[in-house]
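Coordinate-derived values only; no laboratory data. Everything numeric here is computed off the predicted structure, so don't read it as measured data. Here the Cβ is made from the backbone with ideal geometry for all residues, glycine too, and neighbour counts use every protein chain on show.
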Amino acid sequence: MYINRMELIEKLKSLIGSEVTVYIDRPLGTKHPKHEDIIYPINYGYIKEFIALDGEYQDAYVIGVDEPLTIFIGTVIAIINRTNDIEDKLIVARKDSYYSDEEIKEFINFQEKYFKYKIIR
């Protein structure tokens, strides 16, 4: 089913505050598959609830966990809406945790510094 960017953002917004399962395919400490100079300082994976505009499962950053994971159940606290790319990302953290926009930016800067984005809450 075809979905446009605005529809996807609205669906992603509906997840804020919801519990999701993130399947980690790039655990903390691993190298980016195409850019070996990028090392993941956080866990990165996907949720299976939505297919993103790139045709893959929806990407998600897991913040606030300091060990490599294979799966994580947490709460969606924000969306990274890339304004110069189609790959938006979810920010997922432990239930009842709070991170400021500045703290989120620090966690994701290793990869998002290459893009323009806004944080949606």
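Points to keep in mind about this one:
- Normalising the average separation of contacting C-alpha pairs (under 8 angstrom, six or more residues apart) by the number of residues puts the relative contact order of the chain at 25 percent.
- All lysines inside 16 Å of LYS113 as judged from Cα atoms, apart from same-chain residues fewer than 8 positions distant: LYS89, LYS105
- For the stretch 1-63, a simple Cβ point-charge model (Lys and Arg +1, Asp and Glu -1, everything else neutral) yields a dipole of about 40 debye relative to the Cα centre.
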